[in-house]
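A short reminder: the numbers here are calculations on the coordinates, not readings from a lab. The structure displayed is predicted, hence computed values, not measured ones. As a convention, Cβ positions derive from the backbone with ideal geometry for all residues, glycine included, and neighbour counts pool all protein chains shown.
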Amino acid sequence: MKKARCLAALLALLLLLGGCTREARSDEAELEASAAKVLESLGGKERFLRADDDFTEMNFSADYIEERAVYLAEDGIGEWGLFSLRDTAQSRACREMLADYLENERAAIESLAALYPADELQERLALYQNAQVGADGALVWYFALPASESNLALRALRK
Amino acid sequence: MHCNRIFLLFLILALLLAGCAPKVSADARVQDTAGFLSETSFLGDSITAHMASRSPISKKQLWCAKTRYLNLDSRITYAKIVAPDTGAEETIAAVAARLRPRYLVITLGIDYGVYYYRDEQQSFSRCYEKLLDAILTASPDTVVLVQSVFPVTAASKAITNEMIDRANGTLRALCTRMGIDYLDTQSVLRDSEGYLKSDFCSDTDGIHLNEAGYTAMLDYIARYGEERGW
């Protein structure tokens, strides 16, 4: 009897852990699916490169983030990112972190633009000045893109 | 009397010849060591880009961005430079993989890194290391030399020599850890108070070098190569 109870407890534990793993895989799959939709709406892999883990960990490190998908424009003008949260209660904290990141980028580009007369810098500056941050449940996103592209991306996300 | 005149003649002749002997100037060393410097490429921001017009180094040896700025930040491995052979914009690693320079001197940090990571030396180190790894993976036989960030004059508004010294300490430690050569060029560019020598500075921003500054820089690098038999 005792043995049976132990086995039952072990089985329950295994099922619980298996459930958690399935949930994590599901979160990752959902984020990747969302990222794929946005990427397609914006012209695909030719326009945007997936940022590596080093970049995303350096710039978007927080315990409450489950998964990250950040894309940088090939020509260096524009970027966007999607993040899935472990806990939707952290949505505000995540949005504030993204807002800080975008503000830091904006300030850095503004300093550079004062030193170097490059049209590209003005273009980049405008994107960060008008960047959007938002959330939908456990999904948080940012877009530092021209307004028309941000709208396309948001429509793709909501499909 | 006869011997005295001959002696005097020889003395005058010797003095004349000594006066005519060519002095080895910094330029001459740079020219004479053409073997090493001519095989060296230079990667960097506007400080490197200005070498095209203010130093004897050929444009084909310069790896710079079209806009001349090149941030040392988390995007450095994604940043594009103008490939000196094709004129196309490519990542640094892509250019390194194709050109495989014998020597590559890297001078980065004034753009973004020194200032924005002034209180985050770990981030500064991490970004630089990422770049070095990318270059060495693309071109393992290239001898990479990390050049110290240059000092600035008192006219520099945001960037201070204290920040620069901190960044150079980080670079020196990184190079030691990775077994990469570190060029302490800043040591020949600064005055007794630690500022960039005014005779070497070209701009009112207190950052960029003039011809004399680049001569001093190249002389230092040439001597470094000489000492190693390159």
Got at least one residue in segment B:39-61 being among the polar types (S, T, N, Q), within 14 Å of chain A (Cβ to nearest Cβ) and more than 14 Å from the chain's Cα centre (by Cα)? no
Could you go through segment B:185-203 and let me know if any residue there is surrounded by 14 or more Cβ atoms within 10 Å (Cβ to Cβ) and under 26 Å from residue B:77 (Cα atoms). yes
Return yes or no: is residue A:84 polar (S, T, N, Q), touching a strand residue (DSSP E or B) at 6+ places or on another chain (Cβ under 9 Å) and part of a helix (DSSP H, G or I)? no
Sort out which residues of segment B:170-196 are among the aliphatic types (A, V, I, L, M) and part of a loop (DSSP other than H, G, I, E, B), and write them in order of number. B:180
So which residues in segment A:60-81 are among the aliphatic types (A, V, I, L, M) and either assigned to a strand (DSSP E or B) or in contact with a strand residue (DSSP E or B) (Cβ under 8 Å, 6 or more places away or on another chain) (or both), if there are any at all? A:65, A:69, A:70, A:72, A:73
Give me the residue from segment B:112-129 that is assigned to a helix (DSSP H, G or I) and either free of Cβ contacts under 8 Å to residues at least 40 places away in the same chain or over 25 Å from residue A:113 (Cβ atoms) (or both) and, out of that set, farthest from the other protein chains (Cβ to nearest Cβ). B:121
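Of the residues A:118, A:131, A:113, A:93, only one is away from chain B (no Cβ under 13 Å) and either farther than 27 Å from residue A:155 by Cβ or surrounded by fewer than 18 Cβ atoms within 10 Å (Cβ to Cβ) (or both); which?
After ruling out the rest, the residue left standing is A:93.
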What number of residues within segment A:66-79 are under 13 Å from residue A:139 (Cβ atoms) and either buried (at least 18 other Cβ atoms within 10 Å of the Cβ) or within 13 Å of chain B (Cβ to nearest Cβ) (or both)? 3
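Quick check on residue A:86: is it of a type in the set (Lys, Arg) and over 23 Å from residue A:155 (Cα atoms)? Talk me through it step by step, then tell me what you get.
On the way: of a type in the set (Lys, Arg): yes; over 23 Å from residue A:155 (Cα atoms): yes.
Spelling it out, residue A:86 is indeed of a type in the set (Lys, Arg) and over 23 Å from residue A:155 (Cα atoms).
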Top-ranked residue of segment B:197-225 - restricted to ones that are assigned to a helix (DSSP H, G or I) and small (Gly, Ala, Ser), ranked as farthest from residue B:38 (Cα to Cα): B:198
Tell me the residue from A:127, A:39, A:102 that is part of a helix (DSSP H, G or I), closer than 25 Å to residue B:157 by Cβ and not basic (Lys, Arg), please. A:102
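Return the only residue of B:159, B:106, B:76, B:164 being farther than 25 Å from residue A:57 by Cα, within 20 Å of the chain's Cα centre (by Cα), touching a residue at least 24 places away in the same chain (Cβ under 8 Å) and within 13 Å of chain A (Cβ to nearest Cβ). Working first, answer last.
Numbers: B:106 fails: within 13 Å of chain A (Cβ to nearest Cβ); B:76 fails: farther than 25 Å from residue A:57 by Cα; B:164 fails: within 13 Å of chain A (Cβ to nearest Cβ).
Step by step, each of B:159, B:106, B:76, B:164 is checked, and only B:159 is farther than 25 Å from residue A:57 by Cα, within 20 Å of the chain's Cα centre (by Cα), touching a residue at least 24 places away in the same chain (Cβ under 8 Å) and within 13 Å of chain A (Cβ to nearest Cβ).
Test residue B:218 against the criterion of being more than 19 Å from residue B:104 (Cβ to Cβ) and away from chain A (no Cβ under 14 Å), and give yes or no. It would help to see each step written out before you state the result.
Numbers: more than 19 Å from residue B:104 (Cβ to Cβ): no; away from chain A (no Cβ under 14 Å): yes.
No; evaluated as a whole, the condition is false for this residue.
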The condition of being over 18 Å from the mean Cα position of the chain (by Cα) and among the aromatic types (Phe, Trp, Tyr) holds, among A:128, A:116, A:101, A:142, only for A:116
